[in-house]
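In what follows, a structure is listed as structure tokens, so that the remarks can point back to it.
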Amino acid sequence: DPGIDHMSAMKTIHQVESRGGRIKGFISYCGGLPAPEANTNPYGYKFSWSPRGVLLAGKNSAQFLWQGKETLIAAKELFEKYITLDVEGLGKFEAYPNRNSLPYIELYGVKSTETMLRGTLRNTGWCPTLKKLIDVGWLEDKPVPGLKSKRFCDLTAALAQGTAWSAPPPASSAKDARDRTAKAVGLAGGSDILTRIEWLGLFSESPLPLETGSPLDIIEKVMLEKLQYAEGERDMIILRHEFHAAYPDGKEEKIVATLIDFGVPGGDSAMARTVGLPAAMGVKMVLEGRLRDTGVVIPLAPHIYRPILAELEKCYAIHFTEKVIPVK
């Protein structure tokens, strides 16, 4: 947001088309994550934008085209359908589909593509842990009655046994809350996922931070407190496109374009840079009379993406590296 992904995708698509080729497949993953040295908690994540938005994004269904077949993943299965993706120089990440990718077939003008998938990157452990938090009920946005004077272990135990909305949360110890959670979602007692949930404090005998609200309200508050960047820490943006291109002579190739950007310690975050700078450049183009499009415009046209991508690289060192791999 608001468009480096679209601009860079269209640049490569147009380059392929200028050589007479066509796009047979497009897969794109993006993630806003802690820089490796700032990856200091069991979730491998720190908030650089809306915590509620991050959590609610995990409750969306996903649609995409895969090898000619339209695929729908229900929201409750989203975090089961991740893959492990290796990003050169940074290691392995969990990658899962994000919302509806199908409209981009027409928007990008690649109607012959057999694959169209846009998704999200997270550090390892995020997806299976969020899946279990969802299964327990921690991302429910329905207020729970009787929270006053209750503890985390009380609410966790009530969610695990399905009584949170029908009766006041029953008294419980931290161990009991952990055991009930493990049983409810089918986890072994020594599971890393249980350890991550415990690290958040959801099994603790500490009082809840809110006297009214939903599980989502509470876990949002807890995560925002525990998954913060410390002063001087850097965030990191990874955006990775993979194109499958086919040409009239029968040759095919895979083009992998990767953008990696880091925040500036004590300065702007990578999230702020990559979101704010393209929008600012678009404003400047309007003010200078170089951009006369009207209405809301997705930056898919060369007269928009060329100058903005060029300025991002020249002035801010925000750019993609490309690797071309022959397919056959």
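Within region 214-328, considering only strands (runs of 3 or more DSSP E) that don't extend past its boundaries, which have at least 3 residues that are of a type in the set (Ser, Thr, Tyr) and open to solvent by less than 60 Å² (accessible area, probe 1.4 Å)? Quick ask: steps written out before the conclusion?
Numbers: elements: 235-246, 252-262, 320-326.
Those strands (runs of 3 or more DSSP E) do not exist here; none qualify.
Please find, within region 143-161, the residue that is nearest to the chain's Cα centre (by Cα) out of those that are open to solvent by 60 Å² or more (accessible area, probe 1.4 Å) and free of Cβ contacts under 8 Å to residues at least 24 places away in the same chain.
GLN161
When residues of region 96-122 are filtered for being closer than 16 Å to LEU78 by Cα and in a loop (DSSP other than H, G, I, E, B), how many remain? Before you say what the answer is, go through the steps one by one.
Within region 96-122, the subset closer than 16 Å to LEU78 by Cα is 96-101, 117-122.
Pick out the ones that are also in a loop (DSSP other than H, G, I, E, B) and you get 98-99, 101.
The number of residues fulfilling the criteria is 3.
Restricting to region 171-211, name every residue that is under 19 Å from PRO51 (Cβ atoms) and open to solvent by 30 Å² or more (accessible area, probe 1.4 Å). Show your work before the answer.
Start the filter on region 171-211 by keeping residues that are under 19 Å from PRO51 (Cβ atoms), which leaves 196-197, 199-202, 208-210.
Hits for region 171-211 are ARG196, TRP199, PRO209, LEU210.
Yes/no matrix, rows are residues, columns are (1) modelled with pLDDT of 95 or more; (2) over 21 Å from TRP126 (Cα atoms); (3) charged (D, E, K, R):
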site: GLU80; (1), (2), (3): no, no, yes
site: PRO97; (1), (2), (3): yes, no, no
site: SER101; (1), (2), (3): yes, yes, no
site: VAL110; (1), (2), (3): yes, yes, no
site: THR113; (1), (2), (3): yes, yes, no
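For PRO170, state whether it is in a loop (DSSP other than H, G, I, E, B), free of Cβ contacts under 8 Å to residues at least 24 places away in the same chain and more than 17 Å from GLY137 (Cβ to Cβ). Before the answer, list the steps.
Values: in a loop (DSSP other than H, G, I, E, B): yes; free of Cβ contacts under 8 Å to residues at least 24 places away in the same chain: yes; more than 17 Å from GLY137 (Cβ to Cβ): no.
So PRO170 does not fit the description; no.
Suppose we keep only residues that are open to solvent by 10 Å² or more (accessible area, probe 1.4 Å) and in contact with a Lys or Arg (Cβ under 9 Å, 6 or more places away or on another chain) within region 1-20. Which one would you say is farthest from LYS111 (Cα to Cα)?
ASP5
The values are calculated or read from the model by the stated rules, or taken from the named source; none is laboratory data. Quick caveat, the model's predicted, so the values are computed rather than measured. Note that we place each Cβ from the backbone using ideal geometry, even for glycine, and neighbour counts take in every protein chain shown. With ligands, DNA and RNA removed, areas are computed over all heavy atoms of the protein, side chains included. Shrake-Rupley method; radii C 1.70, N 1.55, O 1.52, S 1.80 Å.
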